[in-house]
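Reviewing the structure listed below.
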Amino acid sequence: MNREYTYDPEPGNDFTYDEHGNVIYGIGHVGAARLPMRQYGLSVEDFMHEYLQIDKISRLLFVNNSNDYLSDDYKILQTILTIYEKDENKNKLKDNLKKFMRYCLPNERSISNLQLKYFRDVIKLI
């Protein structure tokens with residue numbers, strides 16, 4: 001049976017990883033779901049946990065810094081964090097981060113266990 005792929009599968013496997021470390025399964029994939037490669041990124045919950053542990057002064061320095069070298073995706077994330085720092089609504093932050101994740105990963109996959117490398121990069125930048 002020939003399968004159609006929208007990506008280059010790993011040899012011998014019916015899945016591959018995206019640039020964030022998330023698993024992308026082939027058409028007709030059968031088997032247990034694999035976990036993402038955790039070292040690549042963070043989930044929304046993990047990012048929120050790490051971000052909120054950083055002191056407020058460092059967070060404000062990041063969100064108020066207008067870096068021209070940041071890509072558009074990082075600028076969108078910076079805007080989301082700026083909104084949070086103004087109203088400190090954790091539910092709104094979580095919703096906005098999930099929308100951002102759907103923007104970055106437009107497949108019809110559930111975002112419950114997915115991760116983004118952007119989240120880990122922002123934690124490192126701060």
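The values are calculated or read from the model by the stated rules, or taken from the named source; none is laboratory data. Since we're looking at a predicted model, the values are computed, not measured. FYI the Cβ positions are ideal-geometry reconstructions off the backbone, even for glycines, and counts take in every protein chain you see.
Results, tabulated for the structure shown:
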quantity: Total residues in the stretch 54-70, condition surrounded by fewer than 10 Cβ atoms within 10 Å (Cβ to Cβ) and more than 24 Å from Lys90 (Cβ to Cβ); calculated: 3
quantity: Some residue of the stretch 105-115 being surrounded by fewer than 16 Cβ atoms within 10 Å (Cβ to Cβ), hydroxyl-bearing (Ser, Thr, Tyr), more than 12 Å from the chain's Cα centre (by Cα) and assigned to a helix (DSSP H, G or I); calculated: no
quantity: Positions within the stretch 12-48 being at pLDDT 80 or above and either in contact with a Gly (Cβ under 7 Å, 6 or more places away or on another chain) or assigned to a helix (DSSP H, G or I) (or both), in sequence order; calculated: His20, Gly21, Tyr40, Gly41, Val44, Glu45, Asp46, Phe47, Met48
quantity: Odd one out for Tyr51 among (1) outside any helix (DSSP H, G or I); (2) surrounded by 14 or more Cβ atoms within 10 Å (Cβ to Cβ); calculated: (1)
quantity: Filter result for Leu93 (part of a loop (DSSP other than H, G, I, E, B) and either free of Cβ contacts under 8 Å to residues at least 40 places away in the same chain or not charged (D, E, K, R) (or both)); calculated: no
quantity: Set Ile76, Ile126, Ile111, Ile54: member being touching a residue at least 24 places away in the same chain (Cβ under 8 Å), out of contact with any Cys (no Cβ under 7 Å at 6 or more places or on another chain), of a type in the set (Val, Ile, Thr) and within 27 Å of Gly26 (Cβ to Cβ); calculated: Ile111
quantity: Count - residues of the stretch 62-88 that are of a type outside the set (Phe, Trp, Tyr) and in a loop (DSSP other than H, G, I, E, B); calculated: 7
quantity: Count of residues meeting criterion [surrounded by fewer than 14 Cβ atoms within 10 Å (Cβ to Cβ), closer than 16 Å to Lys99 by Cβ and polar (S, T, N, Q)] in the stretch 71-81; calculated: 1
